[in-house]
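Heads up, the thing below is written out as structure tokens.
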Amino acid sequence: MKILVTGAAGFIGHHLCEALLKRSIEVIGLDNINDYYDVHLKYNRLIELGISSNDAEQWNSKTISSKHGDKFSFVRMNLEDRNELPKLFKDENIVTVCNLAAQAGVRYSLENPESYVDSNIVGFLNLLECCRHHQVKHLVYASSSSVYGLNEKVPFSTSDNVDNPISIYAASKKSNELMAHTYSHLFGMATTGLRFFTVYGPWGRPDMALFLFTDAILNGRPIKVFNHGKLERDFTYVGDIVEGVVRVLTKPLKNRQLYKIYNIGNNNSVKLTDFIQAIENKVGKKAEKEMLPMQPGDVTKTWADVDNLIQDYDYRPNTNINDGVGSFVKWYRNYYNI
Ligand SMILES: NC(=O)c1ccc[n+]([C@@H]2O[C@H](COP(=O)([O-])OP(=O)(O)OC[C@H]3O[C@@H](n4cnc5c(N)ncnc54)[C@H](O)[C@@H]3O)[C@@H](O)[C@H]2O)c1
């Protein structure tokens, strides 16, 4: 079983590669290492996977072997590249694809909507075409809790209406689900969309709350608290997410519908103020808070109903906020030597 993981230099992607490699599954990682946030963090994640920065910098469309063993290789490529992506599928015997590469982030989608269409729509279509023409058995892809838009019914269920996205990011993720449905229907392709709910943990994204808050508190800057703190999120520890994704990737497909969508969250909505308190406790310092109004494109509350994932994959997230935030703060202090 050879799995292509796109977004392998990203936060979730690099954790997923590590988890698959621990199970001795052969993995090809793909990423364009774009500069949406600090590229050093992306290069350093790849070093954890045995890929040197010198090697990762190259755009030569060849897979680079990991120094840690022959189960992992990496290729720097754009999903939008309509010439090189099909060649990769032709050269490698890819059986399963996990698409985590995307332009992420709700707020940035108000500034640079084009990058969301390029990576998340054009890139995703290219991937679907490659899967179609190279007999890929299963495409698993990252969707997002943001597809629920202004949904007020909680917890969010995959049977709820998701026709009202409120950011281009959310619209691009909902489009992925529609495109996957079309390919499952037309070409008999098994696809599984996973709606991730606010993922956090070591090696996390610098544009997300936990990273921003920890960084600000440790460096004596105020933290920006939107909607005056009246926000709630289903914060999900990256280890729990990855365990769920591995289960979806590795379970045999027989007797299942071709098109599936699941929520993957912690099944517990936490107040932002409690989350901040957990960070303060782990950092050992009080935050100076700058209270601000609601951000356009943001939603007030998320909460995942994960019953279907429990039923079909025995998914059981078990990391509480204190432990998860503690792991992040420990990683952050060590990484930045603070
Ligand atoms: N982290 C979360 O809380 C969260 C929540 C919901 C959904 N998601 C989704 O999960 C996936 C992974 O998120 P993440 O937090 O690890 O983000 P990330 O930004 O750390 O990782 C995404 C990676 O994809 C790469 N990439 C982007 N566009 C590309 C392209 N066109 N071609 C090749 N590579 C490209 C980036 O360089 C990056 O390394 C994304 O699809 C994201 O939308 C994440």
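The rows are residues; the columns are (1) of a type in the set (Gly, Ala, Ser); (2) in contact with a strand residue (DSSP E or B) (Cβ under 9 Å, 6 or more places away or on another chain).
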residue	(1), (2)
Lys42	no, yes
Ile47	no, no
Asn60	no, yes
Thr63	no, yes
Phe72	no, yes
Leu85	no, yes
Val97	no, yes
Ala101	yes, yes
Glu114	no, no
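May I ask you to list the residues in segment 43-86 that are part of a helix (DSSP H, G or I) and within 15 Å of the ligand (Cβ to nearest atom)?
Listed by number, the residues that qualify are Tyr43, Asn44, Arg45, Leu46, Ile47, Glu48, Ser53, Ala56, Glu57, Glu84, Leu85, Pro86.
None of Val306, Val283 is of a type outside the set (Lys, Arg) and either more than 25 Å from the chain's Cα centre (by Cα) or open to solvent by 60 Å² or more (accessible area, probe 1.4 Å) (or both) except Val283.
Among the residues of segment 147-183, those identified as in contact with a Phe, Trp or Tyr (Cβ under 7 Å, 6 or more places away or on another chain), farther than 30 Å from His133 by Cα and of a type outside the set (A, V, I, L, M, F, W, C) are Tyr148, Pro155, Asp160. Only one of the numbered conditions (1) in a helix (DSSP H, G or I); (2) farther than 21 Å from Leu139 by Cβ is not met by Ile12, and that is (2).
Note on segment 213-231: residues that are open to solvent by 50 Å² or more (accessible area, probe 1.4 Å) and outside any helix (DSSP H, G or I) amount to 6.
Out of the residues in segment 227-259 that are of a type in the set (Phe, Trp, Tyr) and within 16 Å of the ligand (Cβ to nearest atom), which is nearest to Asp305 (Cα to Cα)? My answer is Phe235.
When only residues in segment 180-212 that are surrounded by fewer than 18 Cβ atoms within 10 Å (Cβ to Cβ) and part of a helix (DSSP H, G or I) count, which is nearest to the ligand (Cβ to nearest atom)?
Only one residue fits best here, namely Leu212.
Looking at segment 238-271, which of its residues are at positive phi and open to solvent by less than 40 Å² (accessible area, probe 1.4 Å)? None; the set is empty. The requirement of being more than 25 Å from Pro296 (Cα to Cα) and not in a helix (DSSP H, G or I) is satisfied by Ile94. Consider segment 97-111 and keep the residues that are surrounded by fewer than 21 Cβ atoms within 10 Å (Cβ to Cβ) and away from the ligand (no atom under 12 Å from the Cβ). The one that is farthest from Ala170 (Cα to Cα) is Glu111.
Filtering segment 21-29 for residues that are on the phi > 0 side of the Ramachandran plot and in contact (Cβ under 8 Å) with a residue 40 or more places away in the chain leaves a non-empty set.
Checked against (1) under 22 Å from Phe328 (Cα atoms); (2) in contact (Cβ under 8 Å) with a residue 60 or more places away in the chain; (3) within 9 Å of the ligand (Cβ to nearest atom), Val39 passes all but condition (2). When Asp31, Asp55, Asp35 are checked against the criterion of being of a type in the set (Asp, Glu), at pLDDT 95 or above and in contact with a Gly (Cβ under 9 Å, 6 or more places away or on another chain), Asp31 stands alone in meeting it. From the list Glu18, Glu26, the one residue that fits, being among the charged types (D, E, K, R) and within 15 Å of the ligand (Cβ to nearest atom), is Glu18.
The values are calculated or read from the model by the stated rules, or taken from the named source; none is laboratory data. Note that this is a predicted model, so its numbers are computed, not measured. Quick reminder, even Gly has a Cβ in these numbers, built from the backbone with ideal geometry, and neighbours come from all protein chains shown. The accessibility values were calculated without ligands, DNA or RNA, using every heavy atom of the protein model including side chains. Shrake-Rupley method; radii C 1.70, N 1.55, O 1.52, S 1.80 Å.
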